[in-house]
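Q: Provided herewith is a single structure, encoded as structure tokens, for subsequent inquiry.
The values are calculated or read from the model by the stated rules, or taken from the named source; none is laboratory data. As the structure is a prediction and not an experimental result, all values here were calculated from the model. Note that each Cβ is placed from the backbone with ideal geometry, even for glycine, and that neighbours are counted across all protein chains shown. Accessible surface is based on the protein model in full, side chains and every heavy atom, while ligands, DNA and RNA are left aside. Shrake-Rupley method; radii C 1.70, N 1.55, O 1.52, S 1.80 Å.
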Amino acid sequence: MSTPTAPTIAELDEQERRLTLPHFTYDDAWTLGTLLVELAREQGAPVAIDIRRGGQQLFHAALPGSTPDNDAWIDRKRRVVDRYAASSLLVGTRFRAKNTTFEDSSRLDPDVYAAHGGAFPITVEGAGVIGTVVVSGLPQLEDHAMVVEALERFTATS
């Protein structure tokens, strides 16, 4: 997989609008999670994958080469989505667009929150953000791109 270029704020906003789902069930979490595992295996990506709805973890997988640090990154990136209702990459990009960083300007503990790519809101039509899908283990743009690709494939089949 080639390294993706950094998307703009407008492109990230468009991704979130386009990838709004009509519903998100337990079975949907399994389908999306297994799709992410397949993508990661195809790419030989040493990632951990996490899907949550509200406070409940619906799917988790750790592929060969991933480490417990990936789970810590998952938690930190997921908290950014939970707090801002936007992808972790979008939040970090918004801070950089203001010539600052999330770490310097958010007033949030960087040991608890990480505005690095890889966490994406699960948004349901008429309900808003109801959960998160997170990948950790690759550079942040690649983590984000893997989640977006999986959501694109998921929405094409559901």
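Q: For region 92-101, in order, what is each residue's ³J(HN,Hα) by Karplus, 6.51 cos²θ - 1.76 cosθ + 1.60 with θ = phi - 60°, in whole Hz (x at glycine and Pro)?
A: Values, residue by residue: x, 5, 4, 5, 5, 5, 9, 6, 9, 10 Hz.
Q: Here's a follow-up. Can you list residues whose amide H is under 5 Å from Gly118's amide H, if they're 5+ apart or on another chain and H is modeled 1.01 Å from N?
A: When sequence neighbours closer than 5 places are left aside, the close amide H contacts are Ser88, Leu89, His144.
Q: In addition: Which is farthest toward the positive dipole end of the chain among Gly65, Tyr26, Phe120, measuring Cα position about the Cα centre, with Cβ charges +1 (Lys, Arg) and -1 (Asp, Glu)?
A: After comparing all options, I get Phe120.
Q: Once you order the gyration tensor axes a ≥ b ≥ c over the Cα atoms, which shape class does region 1-66 get: rounded for a/c under 1.5, otherwise prolate or oblate by comparing a/b with b/c?
A: The shape class here is oblate.
Q: If you don't mind, there's one more thing I want to ask. Rounded, prolate or oblate for the chain? Axes are the square roots of the Cα gyration tensor eigenvalues, ordered a ≥ b ≥ c, and the cut-off for rounded is a/c under 1.5.
A: rounded
Q: For the chain, what is the accessible area per residue in Å² when the probe is 1.4 Å?
A: Heavy-atom accessible area per residue stands at 49 Å².
Q: Give the peptides 78-88, 118-128 in descending order of average Cβ contacts within 10 Å, highest first.
A: By packing density, highest mean first, the sequence is 78-88, 118-128.
Q: Something else: Could you work out how far the C-alpha centroid of region 94-158 sits from that of region 9-63, in angstrom?
A: That distance is 11 Å.
Q: Can you compute the charge dipole magnitude of the chain about its Cα centre, using +1 on each Lys and Arg Cβ and -1 on each Asp and Glu Cβ, nothing else charged? Give it in debye, rounded to the nearest 20.
A: Using Cβ point charges on Lys, Arg, Asp and Glu, the chain gives about 340 debye.
Q: Based on DSSP H runs of at least 4 residues, each adding -39500 (n - 2.57), what is the mean residue ellipticity at 222 nm of the chain after dividing by all its residues, to the nearest 500 deg cm²/dmol?
A: Result for the chain, helices only: -15500 deg cm²/dmol.
Q: Further question: What percent antiparallel are the DSSP beta bridges of the chain, to the nearest 5?
A: 95 percent
Q: Same structure, new question: Using a simple charge model, +1 on the beta-carbon of Lys and Arg, -1 on the beta-carbon of Asp and Glu, nothing else, what dipole does region 90-154 show about its Cα centre, in debye to the nearest 20?
A: Its charge dipole is roughly 220 debye.
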